[in-house]
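This report concerns only the one structure given below.
The values are calculated or read from the model by the stated rules, or taken from the named source; none is laboratory data. This one's a predicted model, so the numbers in the text were calculated from it and none came from an experiment. Here the Cβ positions follow ideal geometry from the backbone for every residue, glycine too, while neighbour counts run over all protein chains shown.
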Amino acid sequence: MALMQCHFYSEVLGLSTTMTAIIPQNTTTQIGMDNRAGSHRHPTLYLLHGLSDDDSIWLRRTSIERYVASMGIAVIMPQVHRSFYTDMEYGGKYWTYISEELPALARSFFPLSDRREDNFVAGLSMGGYGAFKLGLRRPDLFAAAASLSGALDITGRFVREDIERDNQLIFGDRPISGSDDDLLALLSKLDAAEGPKPKLYQCCGTEDFLYEGNQKFLAASRQTSLDLTYEEGPGDHSWGYWDERIQDVLNWLPLQK
């Protein structure tokens with residue numbers, strides 16, 4: 001695998017930012033690694049960080065590079081600060097950035113596939129919210145979306161308390177419930193829409209403070225025809241849990257043979 005930290009300018013955000021990228025590389029003499037890469041453009045997993053982290057965190061807290069080495073997929077990890085992957089009322093247009101500009105830029109920098117069936121998104125906590133938001137709002141771009149301990153009920157009290165100081169900057173006074181920032185509302189909108197639907201994967205530890213919101217999302221998803229895989233078990237909001245679960249996500253991805 002090739003590991004790159006990419007510094008570049010975003011026209012949407014109006015500033016310089018970063019992404020961390022893992023790009024497949026064929027090797028035959030590297031000790032302890034089974035690296036594989038096809039001759040075509042690579043399937044891609046966009047891997048999203050949580051509220052207090054940045055684009056380096058998945059590398060620093062898990063073995064994601066080692067986990068994907070034999071899979072032949074690229075991993076793109078962007079930086080979005082505390083934006084909740086949203087066009088902020090007072091701040092950057094991070095939804096537009098993550099859903100439109102970032103994929104186009106990543107494909108201009110690296111040999112990545114632009115086929116829907118080769119593109120996936122996953123994230124933890126705030127990133128789990130972002131991953132499902134991308135999957136539910138842009139099913140034309142992503143074949144699958146995975147949330148690990150996601151902040152899925154954005155109107156719920158645990159999430160609202162955790163980002164209280166950010167609420168005005170992100171959402172201002174606009175209503176969230178029923179909007180395109182509300183994942184529960186997006187579930188029913190996508191279910192009623194024509195066109196492709198992404199596969200969804202959701203997991204949460206039973207001791208996690210976001211467990212209640214995850215149960216609410218699960219119940220809402222069961223009122224739809226969407227394809228959701230759900231897993232739960234002992235675990236809290238911690239990297240030990242996410243390091244194990246991201247391996248489950250990678251095994252679940254609907255990679256084209």
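How about the stretch 184-201: which of its residues are closer than 12 Å to Leu228 by Cβ and not in a helix (DSSP H, G or I)? Steps first, answer last, please.
Within the stretch 184-201, the subset closer than 12 Å to Leu228 by Cβ is 187, 190-191, 197-201.
Correct list: Lys197, Pro198, Lys199, Leu200, Tyr201.
β-branched (Val, Ile, Thr) and surrounded by fewer than 18 Cβ atoms within 10 Å (Cβ to Cβ): which single residue out of Ile176, Ile170 fits that description? Show your work before the answer.
Details: Ile170 fails: surrounded by fewer than 18 Cβ atoms within 10 Å (Cβ to Cβ).
Matching residue, one of Ile176, Ile170: Ile176.
Out of (1) on the phi > 0 side of the Ramachandran plot; (2) at pLDDT 95 or above; (3) surrounded by fewer than 17 Cβ atoms within 10 Å (Cβ to Cβ), what's the single condition that is false for Gly32?
Unmet for Gly32, out of (1) on the phi > 0 side of the Ramachandran plot; (2) at pLDDT 95 or above; (3) surrounded by fewer than 17 Cβ atoms within 10 Å (Cβ to Cβ): (2).
Suppose we keep only residues that are among the basic types (Lys, Arg) and closer than 23 Å to Glu117 by Cβ within the stretch 1-60. Which one would you say is farthest from the chain's Cα centre (by Cα)?
Arg36
Which is part of a loop (DSSP other than H, G, I, E, B), at pLDDT 95 or above and over 24 Å from Arg116 (Cβ atoms), of Gly235, Gly213?
Working: Gly213 fails: part of a loop (DSSP other than H, G, I, E, B).
Being part of a loop (DSSP other than H, G, I, E, B), at pLDDT 95 or above and over 24 Å from Arg116 (Cβ atoms) holds for just one of Gly235, Gly213, which is Gly235.
Being touching a Leu at 6+ places or on another chain (Cβ under 7 Å), more than 19 Å from Tyr129 (Cβ to Cβ) and among the charged types (D, E, K, R) narrows it down to one residue among Arg60, Arg116, Arg36; which is it? Can you show your working first?
On the way: Arg60 fails: touching a Leu at 6+ places or on another chain (Cβ under 7 Å); Arg36 fails: touching a Leu at 6+ places or on another chain (Cβ under 7 Å).
Within the list Arg60, Arg116, Arg36, the selection yields Arg116.
Would you pick out the residues in the stretch 1-29 that are without any contact (Cβ under 8 Å) to a residue 24 or more places away in the chain, of a type outside the set (A, V, I, L, M) and either part of a strand (DSSP E or B) or touching a strand residue (DSSP E or B) at 6+ places or on another chain (Cβ under 6 Å) (or both)?
Listed by number, the residues that qualify are His7, Tyr9, Ser16.
Pairs please, first residue from the stretch 97-114 and closer than 17 Å to Ile22 by Cα and touching a residue at least 60 places away in the same chain (Cβ under 8 Å), second anywhere and part of a loop (DSSP other than H, G, I, E, B) and not acidic (Asp, Glu), Cβ atoms under 6 Å, 6+ apart in sequence or on different chains.
Pro111/Arg41; Leu112/Arg41; Ser113/Arg41; Ser113/Pro43
What is the one condition in (1) more than 16 Å from the chain's Cα centre (by Cα); (2) without any contact (Cβ under 8 Å) to a residue 40 or more places away in the chain that Tyr241 does not satisfy?
Just one mismatch for Tyr241, condition (2).
State whether one or more residues within the stretch 155-172 are in contact (Cβ under 8 Å) with a residue 24 or more places away in the chain and within 26 Å of Ala106 (Cα to Cα). Give the derivation first.
First pass over the stretch 155-172, keeping only residues in contact (Cβ under 8 Å) with a residue 24 or more places away in the chain: 155-156, 158-159, 162-163, 166, 168-172.
Then keep just the ones that are within 26 Å of Ala106 (Cα to Cα); that gives 170.
For the stretch 155-172, residues in contact (Cβ under 8 Å) with a residue 24 or more places away in the chain and within 26 Å of Ala106 (Cα to Cα): present.
Which one is surrounded by the fewest Cβ atoms within 10 Å (Cβ to Cβ), of the residues in the stretch 130-149 that are assigned to a strand (DSSP E or B) and of a type in the set (Gly, Ala, Ser)?
Here is the first cut: in the stretch 130-149, the ones assigned to a strand (DSSP E or B) are 144-148.
Subset that is of a type in the set (Gly, Ala, Ser): 144-147.
On the way: Ala144: 23, Ala145: 25, Ala146: 32, Ser147: 32.
By that ranking, first place goes to Ala144.
Cβ contacts < 6 Å: first residue farther than 19 Å from Thr229 by Cβ, restricted to the stretch 136-154; second residue in a strand (DSSP E or B) and aromatic (Phe, Trp, Tyr), any location; separation 6+ or different chain. Result?
Matching pairs, first to second residue: none at all.
Which residue out of Asp181, Asp153 is in contact with a Lys or Arg (Cβ under 9 Å, 6 or more places away or on another chain), surrounded by fewer than 24 Cβ atoms within 10 Å (Cβ to Cβ) and within 23 Å of Glu232 (Cα to Cα)? Lay out the reasoning, then the answer.
Working: Asp181 fails: within 23 Å of Glu232 (Cα to Cα).
Matching residue, one of Asp181, Asp153: Asp153.
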